[in-house]
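Q: Have a look at this one.
The values are calculated or read from the model by the stated rules, or taken from the named source; none is laboratory data. All figures in this text were calculated on a predicted structure; none of them were measured in a lab. Neighbour counts are summed over all protein chains in view; Cβ atoms, including those assigned to glycine, are modelled from backbone coordinates with ideal geometry. When the accessible area is computed, the model is the full protein with side chains, heavy atoms only, and any ligands, DNA or RNA have been set aside. Shrake-Rupley method; radii C 1.70, N 1.55, O 1.52, S 1.80 Å.
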Amino acid sequence: MRKKGFKFFCFFVQLLLIILTFLLIPLNLFVVNFPAWIVVLCGVLALACMTVYLILFRTKLVTKIVLPLFAVLVTGFSSVLAYCCPYWDSYSFKSVDTVWLNFDEELTFEQAEEDLLAAMRHLEQVHPMFRDGLTQEIKERYDASLASLRQMQTITVNDLRRAVQIILHPMHDAHTTTYNSWPEDRYLMDLLEKRRLGYGVYSINGRTVGEIITAAAPYYCYESEAWINVDLASLASLRFYEYEEPFTYVWENEAGDCVTEHYTAADFVTWEEFEAMSQFYDGDVAEEPPSEEMEEPFVYYEIDVEHSLAVLTLKECNYNDEYRQCVHEMFQEVREKQIQNVAVDVRGNGGGDSRVANELIRYLPVEKYRDMPCDWRWGAFVFAFHDQWVNNKQNKDLLFDGTLYVLTDSGSFSSAMDFAMIVQDNGLGYIVGEPSANAVDGYGDVALFSLPNSGILMQISTKKWYRIDESNPDQYVMPDYPCESREARTLLKSLVR
């Protein structure tokens, strides 16, 4: 009886270890980070327990075959997945719980070196460009950045982030970058008053905005230079691009009148203070901040009966119930009022979920269309998804057979660019405005990591994307009707008359 009990106990332990080996995968992806070797160790223990079990106890022939096969398959699969999954130890599917240092906090050289090594390790393991290892250029930039950090008497988090960005810059991948956001960043309060009076930044410390953008390029990850953006009100951003106080701002209005102001760090306030005060500045000072209900949504539509035009404004590519409901209501009204033209405005849209395009196409009279080809890297493996066709799940009660337009500009990035490309390359409509912010043959679908000592957040592309229409040589989504971003609505109305 005791022997049977011990046999059952040993069987239960090995089965538990096998199941635990498999469950470590979702545990890492969705709950907590831990090294991949823990999965391998758990798998080895499971196989060891199974071996001891088969040696100590007499079992049926089927058990001797099925149990080892099951154990080897589960532990082998789990171990390979732990080392190949691009989201391993990432924060792509869980909240960031790491310590995140401020931009001006100091690191030792050993801490900075460890973070830089972690960044390179993530880059080599995840990015499609480095399936065969880091390129010589990236290695040389790593060596130069490490040497530069070694020579510094003090190393701040900003210094470390600058070193990482210098390494990433030549990849020309706007999706692979570190975040320019810090827990204790501060913002120039006077910016709000100057905007209210009609002034914008002309120069800082003797450099015009154009010169600031040019000087920032080596520290920036971009595909189109129009994507380079420097936050001129952020103290962390100014320090990152090596501007030191006192900061001399020259403000200019449309009439060409200039005002010069000098600021120190004391003139910058927390984001909470800045955001609270910005509620009062909308032209003239408002009597009270608007409520959350009054805030403009990320998606809404307008109907212009005179021009037989419906315009869906999409500020973010959020694929959720609010978006789906808004699109449905728009096409209901389009049907009721017999509107002949529909436009989707993705100017300034930084991307998100590409399914927003698929949802809107459900209302078009097309049976199927081509989706974006890509290569998806999982460690040593690359899964190719080419010549992809989508069977359109049409909303046949509200099919729209008029003309579709998409409004784009240099701020239409990632999924917003994808939206325009799907429409253009499938011949579903026309593009109005400026070229997209990122290239059609580029990278994306990022995994998010945190560097161990500084907490710097780093996102890395996992997929290589390709243009749907291979015969189109354009590097970006080029408009069928080009114009400056601010003139896109005016041009659109002239097209639908």
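Q: Taking strands (runs of 3 or more DSSP E) that do not extend beyond the stretch 350-397, which have at least 1 residues that are basic (Lys, Arg)? Walk me through how you get there before you give the answer.
A: Numbers: elements: 368-370, 374-378, 381-385, 389-391.
Filter on the stretch 350-397 gives 368-370, 374-378.
Q: Then there is this: Among all residue pairs at least 6 apart or on different chains, which show Cβ distances below 6 Å where the first residue, located in the stretch 331-348, is at negative phi and the second is assigned to a helix (DSSP H, G or I) and among the aromatic types (Phe, Trp, Tyr)?
A: Val346/Phe419
Q: Scan (1) under 23 Å from Gly350 (Cβ atoms); (2) open to solvent by less than 60 Å² (accessible area, probe 1.4 Å); (3) free of Cβ contacts under 8 Å to residues at least 60 places away in the same chain; (4) out of contact with any strand residue (DSSP E or B) (no Cβ under 7 Å at 6 or more places or on another chain) for the single condition Trp182 breaks and write down its number.
A: (3)
Q: To continue, here is another question. Hey, Cys84 hits all of (1) within 20 Å of Asp445 (Cα to Cα); (2) in contact with an Asp or Glu (Cβ under 7 Å, 6 or more places away or on another chain); (3) surrounded by fewer than 17 Cβ atoms within 10 Å (Cβ to Cβ) but one; which does it fall short on?
A: Failed condition: (2).
Q: Which of the following residues is without any contact (Cβ under 8 Å) to a residue 40 or more places away in the chain and buried (at least 20 other Cβ atoms within 10 Å of the Cβ): Gly444, Gly429? Give the derivation first.
A: Numbers: Gly444 fails: without any contact (Cβ under 8 Å) to a residue 40 or more places away in the chain.
Selected residue: Gly429, the only one of Gly444, Gly429 that is without any contact (Cβ under 8 Å) to a residue 40 or more places away in the chain and buried (at least 20 other Cβ atoms within 10 Å of the Cβ).
Q: When the residues of the stretch 87-99 are narrowed to those that are open to solvent by 80 Å² or more (accessible area, probe 1.4 Å) and among the hydrophobic types (A, V, I, L, M, F, W, C), which ends up nearest to Ile38 (Cα to Cα)? First the steps, then the outcome.
A: We begin by selecting, within the stretch 87-99, every residue open to solvent by 80 Å² or more (accessible area, probe 1.4 Å); these are 93, 95, 97, 99.
After this cut, where a residue has to be among the hydrophobic types (A, V, I, L, M, F, W, C) as well, the list is 93, 99.
Numbers: Phe93: 20, Val99: 23 Å.
Out of the qualifying residues, it is Phe93.
Q: Report, ordered by the first and then the second residue, all pairs with beta carbons closer than 6 Å, sequence separation of six or more or different chains, a first member in the stretch 197-211 that is on the phi < 0 side of the Ramachandran plot, and a second member that is open to solvent by 50 Å² or more (accessible area, probe 1.4 Å).
A: Once the first residue is on the phi < 0 side of the Ramachandran plot and sits in the stretch 197-211, its partners that are open to solvent by 50 Å² or more (accessible area, probe 1.4 Å) give Tyr202/Glu252.
Q: State all residues of the stretch 437-447 that are in contact with a strand residue (DSSP E or B) (Cβ under 6 Å, 6 or more places away or on another chain) and not β-branched (Val, Ile, Thr); if no residue qualifies, say none.
A: Keep residues of the stretch 437-447 that are in contact with a strand residue (DSSP E or B) (Cβ under 6 Å, 6 or more places away or on another chain), which gives 442-447.
Selection gives Gly442, Tyr443, Gly444, Asp445, Ala447.
Q: Looking at (1) in contact with a His (Cβ under 8 Å, 6 or more places away or on another chain); (2) modelled with pLDDT of 95 or more; (3) open to solvent by less than 10 Å² (accessible area, probe 1.4 Å), which one does Val406 not meet, given that it meets all the others?
A: Tallying (1) in contact with a His (Cβ under 8 Å, 6 or more places away or on another chain); (2) modelled with pLDDT of 95 or more; (3) open to solvent by less than 10 Å² (accessible area, probe 1.4 Å), Val406 fails exactly one: (1).
Q: Separate question: Give the number of residues within the stretch 229-258 that are open to solvent by 40 Å² or more (accessible area, probe 1.4 Å), in contact with a helix residue (DSSP H, G or I) (Cβ under 9 Å, 6 or more places away or on another chain), under 21 Å from Thr214 (Cβ atoms) and not in a helix (DSSP H, G or I).
A: 4
Q: For the stretch 346-358, what are the residues that are closer than 17 Å to Gly429 by Cα and either among the hydroxyl-bearing types (Ser, Thr, Tyr) or open to solvent by 10 Å² or more (accessible area, probe 1.4 Å) (or both)?
A: Taking the stretch 346-358 first, the residues closer than 17 Å to Gly429 by Cα are 346-347, 356-358.
Within the stretch 346-358, Arg347, Asn358 meet the criteria.
Q: Could you please find all residues in the stretch 107-140 being farther than 21 Å from Val80 by Cα, free of Cβ contacts under 8 Å to residues at least 40 places away in the same chain and within 24 Å of the chain's Cα centre (by Cα)?
A: Leu117, Leu134, Thr135, Ile138
Q: Cβ contacts < 9 Å: first residue assigned to a loop (DSSP other than H, G, I, E, B), restricted to the stretch 460-473; second residue among the aromatic types (Phe, Trp, Tyr) and open to solvent by less than 50 Å² (accessible area, probe 1.4 Å), any location; separation 6+ or different chain. Result?
A: Note: pairs meeting the criteria are Ile468/Tyr369.
Q: Would you mind telling me which numbered condition in (1) under 20 Å from Ile19 (Cα atoms); (2) out of contact with any helix residue (DSSP H, G or I) (no Cβ under 8 Å at 6 or more places or on another chain) Val74 fails?
A: Here Val74 clears every test but (2).
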